[in-house]
Amino acid sequence: MSGWRASWRLALRIGRRDVLKAKGRSALIVVMVGVPVLLTTLLTIVVASDDVSQEEGLPSQLGQAQASLMFAGSAVRQSPNGDQTSGSGRELRLASSRAAAERLLGVRLSSGASDDQGVARIGDRGYSVSLRGIDTRQRITRGMYVVDAGRAPRSTGEILVNHALESDGARLGARIRLLDRSFTVVGVGRPAASRRGGGDAAGVVLPDDLVRPGRDESTTFLVGGRPVTWEILKKLNRLGFLVTSREVTENGITAAQQREVERALGPSSGTDAAARAVLVIVATSVMIEVVLLACPAFAVGVRRQRRELALLAASGAAPRQLRRVVLGQAAVLGLGASLAGALAGLGLGALVVRLGPTLVPQLSLGPLDVVWRSVALAVLLGTVAAVAAAYVPALQASRQDVATVLAGRRGETRTRAGWPVLGLLVAVTGVAVCFTWGTRMGGETIVAGSTLAVVVGFVLMTPALVGLVGRLGTRLPLPLRIA
């Protein structure tokens, strides 16, 4: 074991020396390995930031409250995050359920936020507006909106507009026409939504301004006081309320309680499975791209090192030691390039999430969210792919004839007869699997694997295809032969 470690330590030292010696070629390989890792890191950050979790959305949903209650009309059962529900069918009355909930919680229920859409008339122009009805006079709603200038609405007929509407003429003190009524702009700010950018212009009014005949409204209440635990949440479910609890969202439930939920509602949705499938596809793409880009560069590097490697062999180095010299150089380059690509991807991802919605108003993103597991996977895959790309050149370097190389002759390179046949079989199998099993539900992983098989198959066929083109080229016109 100590000899194995010493051999790899020496190979890595030689690899580091060769990297610094051939700076141009090393920089090219760093770009080839680092750019796919950078793009992968950037993609995972943007996707993760686009998916706003329930915990990230709590401030805009609850403000200072411990929970929000939406009356469903019958007894219900729900998952902790409320994405799965089932009702009993027995109809309940809001008044009696509300009174029972207040006795259970020991506090009065406050009105929560309600949402609506409308067209605001500013002068002779109309703008689509997303409205939130928030009782800004109550302390419990603080945090559900942000005031940048002026104040929040305190009476009906007042509105707080966002900066988009302000730039279109809805300045402080201006009168705008909305929901067939006239409103006075008393503040500039925004609802404290988790997302930034995208969607229509937004405004905040009192809930009374959203009450209109014929509008189907759901009744939502805010709960202050003590935390609403999972056991209290289940009792509120029996009273007909769907509950979003700060305590349950932030701290979760026990494994036994989760098993109870799954027995009642079934397993949760396949979000985790879909996320894993995306990771598999991303990982496969990184491997394919790095191997295809970096393998020729390593092959050129080995060609330039032929004499140096031949001298090592003449000095007594075994073939496996020659392979380790080439692979050590690939490991040093791969790790360095992957780390640099990941760091650049993190910085660029943070800029996109921070400045993207400002520069491109149609873009909607939530808070910055870095999936460190995906970043680490991209770095690992970039390093492994670089070593894999150098394996064939390393194998060729360990098999070269020392006397031929030291004499200055290149020797002959032959293609094994079985490789093209094997490559054709692998490629055909990959295509067949992709269009059969890959088309089924949850076949993302199979598609990723079959794509990799197709690429590997064509790589194995490449020497034979190049030879075939060369033989056919003698019959082509001069411009095509040159091409």
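The values are calculated or read from the model by the stated rules, or taken from the named source; none is laboratory data. Just so you know, these numbers come straight off a predicted model, no measurement behind them. Please note: Cβ atoms are built from the backbone with ideal geometry, for glycine as well, and neighbour counts cover all protein chains shown. When the accessible area is computed, the model is the full protein with side chains, heavy atoms only, and any ligands, DNA or RNA have been set aside. Shrake-Rupley method; radii C 1.70, N 1.55, O 1.52, S 1.80 Å.
Quick one: is ARG139 farther than 15 Å from VAL185 by Cα and either under 36 Å from the mean Cα position of the chain (by Cα) or open to solvent by 50 Å² or more (accessible area, probe 1.4 Å) (or both)?
Criteria met by ARG139.
Could you tell me whether any residue of the range 179-187 is at pLDDT below 85 and touching a strand residue (DSSP E or B) at 6+ places or on another chain (Cβ under 8 Å)?
Checking the range 179-187: at least one residue is at pLDDT below 85 and touching a strand residue (DSSP E or B) at 6+ places or on another chain (Cβ under 8 Å).
Can you tell me which residues in the range 116-151 are acidic (Asp, Glu) and without any contact (Cβ under 8 Å) to a residue 60 or more places away in the chain?
ASP124, ASP148
Residues are listed down the side, and each one gets a yes or a no for (1) surrounded by 12 or more Cβ atoms within 10 Å (Cβ to Cβ); (2) modelled with pLDDT under 75; (3) in contact with a Lys or Arg (Cβ under 8 Å, 6 or more places away or on another chain):
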position: ALA385; (1), (2), (3): yes, no, no
position: ALA388; (1), (2), (3): yes, no, no
position: ASP401; (1), (2), (3): yes, yes, no
position: LEU406; (1), (2), (3): yes, yes, yes
position: ARG410; (1), (2), (3): no, yes, no
position: THR429; (1), (2), (3): yes, no, no
position: VAL455; (1), (2), (3): yes, yes, no
position: VAL459; (1), (2), (3): yes, yes, no
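For every residue, the table says whether it meets (1) modelled with pLDDT under 75; (2) open to solvent by 20 Å² or more (accessible area, probe 1.4 Å); (3) over 26 Å from ARG9 (Cβ atoms); (4) basic (Lys, Arg).
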| residue | (1), (2), (3), (4) |
| --- | --- |
| LEU339 | no, yes, no, no |
| ALA344 | no, yes, yes, no |
| GLN362 | yes, yes, yes, no |
| VAL370 | no, yes, yes, no |
| VAL375 | no, no, yes, no |
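With a cut-off of at least 1 residues that are more than 21 Å from THR244 (Cα to Cα) and out of contact with any Lys or Arg (no Cβ under 7 Å at 6 or more places or on another chain), name the strands (runs of 3 or more DSSP E) lying wholly within the range 25-116.
85-91
Right, VAL146: open to solvent by 60 Å² or more (accessible area, probe 1.4 Å) and either within 16 Å of LEU210 (Cα to Cα) or in a strand (DSSP E or B) (or both) or not?
no
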